[in-house]
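The values are calculated or read from the model by the stated rules, or taken from the named source; none is laboratory data. Just so we're clear, the structure is a prediction, and the values are computed from it rather than from any experiment. Here the Cβ positions follow ideal geometry from the backbone for every residue, glycine too, while neighbour counts run over all protein chains shown. Note: areas computed on protein heavy atoms with side chains; ligands, DNA, RNA excluded. Shrake-Rupley method; radii C 1.70, N 1.55, O 1.52, S 1.80 Å.
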Amino acid sequence: MTTEITAHTILPARREPIELETADGLTLVGELALPADREPAATLVTFHPLPTAAGMMDSHVLRKAAWRLPALAGLAVLRFNTRGTASARGRSEGEFGGGVAEQYDVAAAFEFAEGLNPFGRQLPNLWALGWSFGSELVLKYGCEPDVLGAILLSPPLHRAQDEHLKAWGASGKPVTVLVPEFDDYLRPAQARERFSLIPQAEIVAVEGAKHLWVGEKYVRIALDEIVRRVNPSAGPLPIEWDGPYEKYTAPIG
């Protein structure tokens, strides 16, 4: 039976609760979602919005990426709570570090994806996906050798400095920046100026969107743009699903 994919649709995947161990001794909780019936074509290592403003691994765009992209695009999606952050999955140890101590969280996520995990396997074709505060973590700490590129949603550029942008520019790795037309912090014209330090950066202005990407229309645009970079053969994403699925009804928090 064919059904429309909505905000509460959970498509089939292998979902495993995970824990990340940081170099400064903390345990962070998360989840790895893998395609149910095949090996992943690529991996999204995701970084959530500001935890002091309710950001977490269940922030809706990242949650919907994990619910849809393993089935629709053959992607692995790794989500986790940075230090001191809580969600339905649980609370990560430690306290919010203002984007400084979180460098250990970023490193732990990539180490897990690169093979330091109970599965004993390296996840393929790593891409860093950061939203808002998470985009700052990607810019500051995510330009690692095994990372193929970065996708940034609503980057405020409050914490990332010119030196971090220049490092990405020097790497030559692709950087896609999705900028809402009505963003609260950085709008398309400003983004083009600020990201000129990354010559290869692609600025995608999203008409009508706001910082939080509220509305299924904008979630679909974001997920389509992500898939277009990471596994282009899987796009554009369908808006209907013909097969078994779940519907999420419990509160998220």
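Only one residue in V77, V106 is under 17 Å from A222 (Cα atoms), among the aliphatic types (A, V, I, L, M) and either within 13 Å of the chain's Cα centre (by Cα) or part of a helix (DSSP H, G or I) (or both), so which one is that? Please lay out each step first, then the result.
Details: V106 fails: under 17 Å from A222 (Cα atoms).
Residue meeting the stated conditions: V77.
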What are the residues in segment 166-185 that are open to solvent by less than 10 Å² (accessible area, probe 1.4 Å) and under 15 Å from E202 (Cα atoms), if any? W168, V175, T176, V177, L178, V179, P180
Go through the residues of segment 47-69 one by one and say whether even a single one is in contact with a strand residue (DSSP E or B) (Cβ under 9 Å, 6 or more places away or on another chain) and open to solvent by 60 Å² or more (accessible area, probe 1.4 Å). no
Hey, F47 hits all of (1) within 24 Å of K247 (Cβ to Cβ); (2) aromatic (F, W, Y); (3) in contact with a helix residue (DSSP H, G or I) (Cβ under 9 Å, 6 or more places away or on another chain) but one; which does it fall short on? (1)
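Could you grab me the full set of residues in segment 6-27 that are outside any loop (DSSP other than H, G, I, E, B) and open to solvent by 50 Å² or more (accessible area, probe 1.4 Å)?
R14, R15, E16, P17, E19, E21
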Consider segment 48-71. How many of its residues are part of a loop (DSSP other than H, G, I, E, B), aliphatic (A, V, I, L, M) and out of contact with any Gly (no Cβ under 7 Å at 6 or more places or on another chain)? 3
Given the criterion under 18 Å from the mean Cα position of the chain (by Cα) and closer than 30 Å to R38 by Cα, identify the matching residue among P118, P180, P124, P155. P124
Any idea how many residues of segment 192-226 are farther than 17 Å from H60 by Cα, touching a residue at least 12 places away in the same chain (Cβ under 8 Å) and not aromatic (F, W, Y)? 13
